[in-house]
Each structure stands twice: as structure tokens, then as C-alpha cells.
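What follows is calculated from the coordinates using simple rules that are stated; it is not laboratory data. Since the structure is predicted, the reported quantities are computational estimates derived from the model, not experimental observations. Every residue, glycine as well, gets a Cβ built from its backbone with ideal geometry; the counts of neighbours run over all protein chains shown.
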Amino acid sequence: MKLFGKRRDILPDKEKFPRHIAIIMDGNGRWASKRGMPRKLGHSAGAERFREISEYCGEIGVEALSVFAFSTENWNRPADEVEGILNLLRKYLDESCEKLAAKNARLRFLGRLDALPEDIREKIARIDAISAKQTGIIVNVCINYGGRADIVDAVKRYAADCAAGKADPAALDEAAFSPYLYTGDLPDPDLLIRTGGEMRISNFLLWQSAYAELYFTDTLWPEFKPAELDKAIAWFASRKRRFGRAEEVKPAK
Ligand code: FPP
């Protein structure tokens, strides 16, 4: 607990926590521009904030965190900005090995990873090997990720299983399909947070967010400190979730 001290009073009891939090970390560029700095310094500040928030989620007992680090559309940004984000990822991957072992976190990288530079894929493979032995919070870093691409890739894997006789199309339903998504074995996100003031989900976890509670804040991502996450979790705890039914559905104990 060296970074964050005591658990904050605003946090609800554990059974009212979201099990899985998804975050669209928006506003890095504006945060930098407001300070007369180049956009890539906004992404550096954003990467630091991601580190802090993921560590904090592990400490307070969130089971899974998924963050949107780079979308299938972000390749269309200026080349130096794309390279800047990839370099931050390289740095993060290099520094994560030791930290992961100490914190027991399971780091996963979701998206079309084949399109990433080879050195990054090698670093990811090293982290995968460490994460496989851990048992703590699952942190999904979504990179070259798109919600539609996720669904298309799942359909391809499913079709391959059908062709191999391992899946039966006549038995296909939503529960049978979900495991083919990148998030396969995880519960759907309960809470989807977007920082930076926009109110859209921008192709993030489309299938998985069907019943997520959506939390939008004007706070720019580099300023989204643990106290801001506390507020989002407290808001989540006040929601009555009905999943299309007439009555509130209470979380399973
Ligand atoms: C959106 O802000 C943010 C991104 C496209 C990149 C997010 C990347 C990081 C937080 C850093 C890298 C992550 C890791 C895991 C090392 P924006 O640039 O669209 O901001 P703007 O809307 O203000 O322009």
C-alpha cells in the first residue's frame, strides 16, 4: 500500500464493486496542448497514469481491468505520434517484467497483435510467460484493438472450429460464442469509463459492453487519479442494474 495509503472512505463494500472495469483513456493530446507541450508528452503522462490506476485497481481488489491503448484506427495518426505510443509500449513492456512478478498481476495484450513490430511481439511473449504463473488482477492492454475486429476474429476462430468438427453451428448461442472473443474467459465489463469529455464508445469492447454501466467524465486521462476512480466506483455502486428485466439484478455473492 505504499502509493495509495488507506482504502478510501468513498469506496463501497466489496460486493458492490465492478468485477471488470474497462477504460477509454482519452484526452492525452489535449492535456499536453493545454500545457504547450507536444502530444506525445501527453501520452507519456497517460502511460504513467495507466500504471498508477492499474496498480491501484489491484490493491483495492478489482478482478479485471481493460484499457484501450491503441485502436485499429490509431495507425492513421501522424507517424511520429504512432511511433511515440509504440515506444511507450516498449518501455512499459521492458519495465513490467519485474513489477509483474512483485505484484502478482496478469498482464494480457488483446488485439490484432500480428501487425505489431516483431520486437514488441517478442516482449509480449515474455510477459505472457510470466503472467501465466500469476494469480492476481488481470490487466488487458488492448492494442491494435477494435470491437468489430474482435467480433470478426472470433467468427473466424469459431468457423475454423466448425470446420474441424469441434463446434456445432446448430448449438450456437451467445454463451457459446463469447469464449471466442479476445476477452474469452473473463466476465463482461460492468463499468466502462471514458475520460476526456466525449460520450461515445469508439469501437471498444462492443459485444462485451452490452450491459456495462457507462461513466463519462470531462477529466483528461493524465489527470484521472485514483480518487477519480473511487468516484466512478461509488457511482457504479449506486446504479440499479436490471439487464432488461423489471427488477434489479443483484450481483452474485
Ligand atoms: C487518447 O488520447 C489516447 C490514445 C490514443 C493512446 C492511449 C495511450 C496511452 C495512455 C499510453 C500508452 C499506453 C501504455 C499501456 C504504455 P488522445 O490522443 O485521443 O487525446 P485527445 O483526444 O486529447 O487528442
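For the stretch 148-163, the Karplus equation 6.51 cos²θ - 1.76 cosθ + 1.60, evaluated at θ = phi - 60°, returns couplings of 5, 4, 4, 5, 4, 5, 5, 4, 5, 5, 5, 4, 5, 5, 5, 4 Hz by residue, with Gly and Pro reported as x. If only the Cβ of Lys and Arg carry +1 and only the Cβ of Asp and Glu carry -1, the dipole of the chain around its Cα centre is close to 620 debye.
Is the C-alpha gyration tensor of the chain telling us rounded, prolate or oblate? Criteria: a/c under 1.5 is rounded; beyond that, a/b larger than b/c is prolate, otherwise oblate. Rounded shape, in that the Cα axes give a/c under 1.5. Counted by Cβ distance under 15 Å from S33, the other residues give a net charge of +3, where Lys and Arg count +1 and Asp and Glu count -1.
In order along the stretch 140-147, the phi-based Karplus estimate (6.51 cos²θ - 1.76 cosθ + 1.60, θ = phi - 60°) of 3J(HN,Hα) comes to 8, 9, 8, 9, 6, 10, x, x Hz; Gly and Pro are listed as x. The residue among L181, P38, T217 whose Cα reaches farthest toward the positive pole of the charge dipole of the chain, with charges on the beta-carbon of Lys, Arg, Asp and Glu, is T217. In sequence order, the stretch 103-115 has phi-based couplings of 9, 6, 7, 10, 9, 10, 10, 10, x, 7, 6, 4, 7 Hz under the Karplus curve 6.51 cos²θ - 1.76 cosθ + 1.60, θ = phi - 60°, and Gly or Pro positions carry x.
Take the Cα of D128, step 7 Å toward its Cβ, do the same at V249, and the gap between the two points is 3.2 nm.
Think of it as helices only: each DSSP H run of n ≥ 4 in the chain is worth -39500 (n - 2.57), and spread over all residues that comes to -13000 deg cm²/dmol at 222 nm.
Springs between Cα atoms under 10 Å define the GNM used for the chain, and in it the highest mean-square fluctuation of P18, P78, P226 occurs at P78.
Determine Rg/Rh for the stretch 99-231; Rg is computed over alpha-carbon atoms and Rh is the Kirkwood hydrodynamic estimate from the same atoms.
Working: Rg = 17.0 Å, Rh = 17.0 Å.
So for the stretch 99-231, dividing Rg by the Kirkwood Rh gives 1.00.
Expressed in nm to one decimal, what extension gain is obtained for the pair V82 and R121 from 0.36 nm per residue of sequence separation less their Cα-Cα distance? Extra length from V82 to R121 when fully extended: 12.4 nm.
Charge dipole (Cα centre; +1 on Lys/Arg Cβ, -1 on Asp/Glu Cβ; no other charges) of the stretch 1-96 amounts to roughly 340 debye. A simple charge model with +1 on the Cβ of Lys and Arg, -1 on the Cβ of Asp and Glu and nothing else charged puts the dipole of the stretch 137-184 at about 160 debye relative to its Cα centre. When the chain is described by a simple charge dipole with +1 on each Lys and Arg Cβ and -1 on each Asp and Glu Cβ, the residue from A237, A64, V249 located farthest towards its positive end is A237.
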